[in-house]
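The values are calculated or read from the model by the stated rules, or taken from the named source; none is laboratory data. Keep in mind that this is a model prediction, so the values were computed, not measured. Cβ placement follows ideal geometry from the backbone for every residue including glycine, while neighbour counts extend to all protein chains displayed. Accessible surface areas use protein heavy atoms only, side chains included; no ligands, DNA or RNA. Shrake-Rupley method; radii C 1.70, N 1.55, O 1.52, S 1.80 Å.
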Amino acid sequence: QRPAEPAPPNVVFLFADDQRADTVAAHGNEHIVTPALDALAARGFSFRNNYCMGATQGAVCVASRAMLMTGRSLYRSNDGIEKHATLPESVRAAGYETFAVGKWHNGTASFLDSFDAGASLMFGGMSNHLDVPLRDLPRGGELTEVRRGEGMSSELFADAAIEYLTVGRDESRPFFLYVSFTAPHDPRQPPQRWREHYDADRPPLPANYMPLHPFHNGWMRGRDEQLAGWPRTAEVVADQLAEYYGMISHLDEQVGRILAALEEEGLTDETIVVYTADHGLALGSHGLLGKQSVYEGGIKVATCAAWYGSDRIEAGSSTDFTALSMDLYPTICDLA
């Protein structure tokens, strides 16, 4: 008699917006506070050379999310992700319930193809973190009209994720929970306590900080590059870094709340947790501020995966190989 197949693991996919790779304390940044990500890194595997492939437009997150969701390279996912089976579509076909929270920047058609339901959804690229336009997708229903979020974006998204984990999921099926934050994307509005923390102890400038980029790279007048004047002064870059770090530390707190809910529900050992970002951000590196370049600050992202109840993801980290965000699709499907 064949042994019974093990139950498929749940998947919690946590996705940051604009978080460059060097902003996790466990990965060597002693100037930032990220205890939840540090704990995840300690128990999981960190891919230290994970990259977004770049983009063919200024909104790099559209391209990066298309690559993630289709498992296809930049030029093979450029024709609209609704034409391809997405990661949540594939796991749903295998019996998973798919639930989304937060940002979706690839059109409502592809979203509706991908998810059974969702809550506190933000369609688009960015918004005021204290006034987020939100919609919901009830099971078997249609997208609701826009409502205005009351509170900080990262907290609203964590609240919705926790509600799903604790009272909202279909317990007869494994689940794929996609939580897409809009932090630390500008407008950078960290809570005052985090702003004060990093104002009192300013993060150091990037080692490759420059006041001016030495040549025209094709995107010198884009929106991101107009968030400060030229040349980039050390004072202005330090101020933006303090805001940016504050947003990440607040985001880390919300990640911690979600991981705590997983544990309280007894789901930790049967759940794969993935944390990554769509791309990075220059923030003073090479005289730039945005992500519209292929310097490492713009395309390299922190990535960690953990499955506490299985030895298929060992604890550790590696810089021995290069990964791309699109590799997560087949990797998750293989594990599931």
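The sole residue among Gly80, Gly58, Gly71, Gly102 that is at positive phi, at pLDDT below 95 and touching a helix residue (DSSP H, G or I) at 6+ places or on another chain (Cβ under 8 Å) is Gly80. Here Asp269 qualifies as more than 29 Å from Ala66 (Cα to Cα), open to solvent by 60 Å² or more (accessible area, probe 1.4 Å) and not in a loop (DSSP other than H, G, I, E, B).
Does Leu137 count as under 22 Å from Leu251 (Cα atoms) and buried (at least 16 other Cβ atoms within 10 Å of the Cβ)? So Leu137 does not fit the description; no. Could you say whether any residue in region 89-98 is buried (at least 24 other Cβ atoms within 10 Å of the Cβ) and not aliphatic (A, V, I, L, M)? No, because not a single residue in region 89-98 is buried (at least 24 other Cβ atoms within 10 Å of the Cβ) and not aliphatic (A, V, I, L, M). When every residue of region 235-242 is checked against the conditions, none turns out to be in a loop (DSSP other than H, G, I, E, B) and open to solvent by less than 30 Å² (accessible area, probe 1.4 Å). If you filter region 190-226 down to residues that are of a type in the set (A, V, I, L, M, F, W, C) and over 22 Å from the mean Cα position of the chain (by Cα), you find that the one that is least open to solvent (accessible area, probe 1.4 Å) is Met220.
Within region 297-318, being within 27 Å of Ala55 (Cα to Cα), touching a Phe, Trp or Tyr at 6+ places or on another chain (Cβ under 9 Å) and not in a strand (DSSP E or B) holds for one residue alone: Ile299.
Of Gly149, Gly102, Gly118, all but one fail to be touching a strand residue (DSSP E or B) at 6+ places or on another chain (Cβ under 8 Å), open to solvent by less than 10 Å² (accessible area, probe 1.4 Å) and over 19 Å from Val12 (Cα atoms); the exception is Gly149. As a summary of the residue check, Asp22 satisfies the conditions (1) over 14 Å from the mean Cα position of the chain (by Cα); (2) open to solvent by less than 10 Å² (accessible area, probe 1.4 Å); (3) of a type in the set (Asp, Glu) except for the one numbered (2).
Residue-by-condition table, conditions (1) part of a loop (DSSP other than H, G, I, E, B); (2) within 17 Å of the chain's Cα centre (by Cα); (3) among the charged types (D, E, K, R):
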residue	(1), (2), (3)
Ala7	yes, no, no
Phe15	no, yes, no
Ser64	no, yes, no
Ala109	no, no, no
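Any residue that is within 26 Å of Glu314 (Cα to Cα), touching a residue at least 60 places away in the same chain (Cβ under 8 Å), crowded, with 23+ Cβ neighbours inside 10 Å and in contact with a strand residue (DSSP E or B) (Cβ under 7 Å, 6 or more places away or on another chain) - is there at least one of those in region 68-82? Looking through region 68-82, none of the residues is within 26 Å of Glu314 (Cα to Cα), touching a residue at least 60 places away in the same chain (Cβ under 8 Å), crowded, with 23+ Cβ neighbours inside 10 Å and in contact with a strand residue (DSSP E or B) (Cβ under 7 Å, 6 or more places away or on another chain).
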